[in-house]
Amino acid sequence: MIELSLGEVAAATAGRLDCVARAAERVTGPVVVDSRRAAPGALFVALPGERADGHDYAAAAVAAGAVAVLAARPVRHPAVVVDDVLVALGRLTRYVADQLTEVIVVGVTGSSGKTSTKDLLAHLLAGRGATVAPPGSYNNEIGVPLTVLRADRSTAHLVLEMGARGAGHIAALCALAPPHIGVVLNVGTAHLGEFGSREAVARAKGELVEVLPPEGLAVLNADDPLVAAMASRTSARVATFTIEGSVEGSVKGSVEGSVDVAARAVSLDPRGRPSFVLVAASGEAAVHLPLYGAHHVPNALAAACVAGELGMPVADVAAALSQAVPASRWRMEVAERADGVTVVNDAYNANPDSVAAALEALVAMAGGRRTWAVLGEMRELGAASANEHEAVGRLAVRLGVSRLVAVGTEAARVHAAATQEGSTVESATVPDADAALALLRDELCPGDVVLVKASRAAGLERVGEALLATHRPPVSEGLS
Ligand SMILES: Nc1ncnc2c1ncn2[C@@H]1O[C@H](COP(=O)(O)OP(=O)(O)OP(=O)(O)O)[C@@H](O)[C@H]1O
Ligand SMILES: [Mg+2]
């Protein structure tokens, strides 16, 4: 981050210095919320956690080199004491963002695919200038500040993932570092429980394009009507992307101007990796995405729109997309076991859209081999939960998944609906991850392809990892 004196930190956060010998002492970064990540020059932000209170770790952070603690009360170490640490973190973030006048800030939101798109975009932009993007899925009121505060005067692009669980959340994230470019991927059913309806999700996601300045750019998915309709909510220019032929009665007409970036002739290779022709106003180029599942195509198109806006030639975009590597864990992480079983660990999270995408990818990449879908609960669906779980069961049958293992009480609805839908799928319901693992250990055969997917809270990523632990692959395609 840019270097700041403790006096400046106090001024920016409306805090007061405590136990500080010299207000001119400088924070040289990083800004951390975990004392184990404190390093010389760090600012340790003492947040109250679910299990622990950051204030208890102030001494450890200072011992590790932290210059000061941003705290809600004196900690007997150098501190900037504020009323509310999270609010102060936000103020500091905005203060720093306002200093970085040369940085292009890109916000990415949507119900699914934010992290995947953010990673693709960071990969594309890294070739054009220093790019700061969050690790994993840092997309909330803590993750966004920590990301912004990593930027400094050498940063050219700041890519921010923005998540929302309710109205006003995206607007609040945007206020931390106002974006110049806003990407909205889709409006799906994630967090439907909190929002109540897809229209409410759309209202919340669209806050991103409402804050864009007239000279900014809103990147919208023309194939998602609720996203395309956001064109009327922004004063920025609008660029749209589409998968040609993907939507009957295409919504292109509803977006002013024409589609800016398209994918033509999308196909999946025998392992489920998409290829397509990237079509832009400036030309066309072939893309072979080294990622699994057709759902990465819109993500790649969104990233391509942004890269194009920032002057990257279409051939370069296509070449870079074709060299993308999965950067965040447990998203369609594919590994081959020594015995020929393929494990697809997609247990980072699950909602109806991402489960559908993963099931389609599973069947595509199996190319006729026996497929297993090990599915845990999709959380946070509210009143829609029963219907959505049942719909997944029916979809699994329609797609021709061979074996279904529903893990836990709510996911048992997937099993029930699948069994009712047809006899082509052999379905079972088990109480927990251990039982799922026991069943798989007994019944997996060489050549099978196993997808493991659930909301993160279900902890099914352990199943994927345990399946691999017993048969370490010679060369893993997963992440290190
Ligand atoms: N464009 C997409 N449409 C539908 N599903 C997708 C899309 N992109 C990714 N997915 C699926 O959604 C899951 C989550 O992907 P990713 O982590 O990129 O999304 P996210 O929006 O960042 O999620 P979160 O809200 O948890 O941060 C992946 O496991 C993948 O199966
Ligand atoms: Mg994410």
Task: Contacts under 7 angstrom Cβ, first residue in segment 264-285 being under 15 Å from residue 320 (Cα atoms), partner exposed (fewer than 13 other Cβ atoms within 10 Å of the Cβ), 6 or more apart - done: 275/267; 276/265; 277/265
Open item on the list: Checking the conditions here, which among 146, 124 is closer than 17 Å to residue 34 by Cα and away from ligand 1 (no atom under 14 Å from the Cβ)?
Closed with: 146
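Let's see how each residue does on (1) assigned to a strand (DSSP E or B); (2) of a type in the set (Val, Ile, Thr); (3) surrounded by fewer than 16 Cβ atoms within 10 Å (Cβ to Cβ):
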residue	(1), (2), (3)
2	no, yes, no
7	no, no, no
17	yes, no, no
22	no, no, yes
29	no, no, no
40	no, no, yes
62	no, yes, no
70	yes, no, no
Task: segment 340-360, subset away from ligand 2 (no atom under 16 Å from the Cβ) and in contact with a Ser or Thr (Cβ under 9 Å, 6 or more places away or on another chain), residue modelled with the highest pLDDT - done: 359
- [ ] Determine which member of the set 392, 374, 363, 405 is modelled with pLDDT under 95 and touching a strand residue (DSSP E or B) at 6+ places or on another chain (Cβ under 7 Å).
- [x] 363
Task: Residues within segment 188-206 that are at pLDDT 95 or above and more than 19 Å from residue 138 (Cα to Cα), tallied - done: 3
- [ ] Select from segment 15-37 the residues that are over 16 Å from residue 77 (Cα atoms) and polar (S, T, N, Q) and list them in ascending order.
- [x] 28
Task: Filter pass, residue 58 being closer than 21 Å to residue 145 by Cβ and touching a residue at least 24 places away in the same chain (Cβ under 8 Å) - done: no
- [ ] Please note which strands (runs of 3 or more DSSP E) are completely contained in segment 113-224 and include at least 2 residues that are within 16 Å of ligand 2 (Cβ to nearest atom) and without any contact (Cβ under 8 Å) to a residue 60 or more places away in the chain.
- [x] 157-161
Open item on the list: Can you report the number of residues in segment 334-356 which are more than 21 Å from the chain's Cα centre (by Cα) and either near ligand 1 (Cβ under 10 Å from one of its atoms) or in a helix (DSSP H, G or I) (or both)?
Closed with: 0
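The values are calculated or read from the model by the stated rules, or taken from the named source; none is laboratory data. Quick caveat: nothing in here was measured; it's all calculated off a predicted structure. All Cβ positions, even for glycine, are placed from backbone atoms using ideal geometry, and neighbour counts span all protein chains on display.
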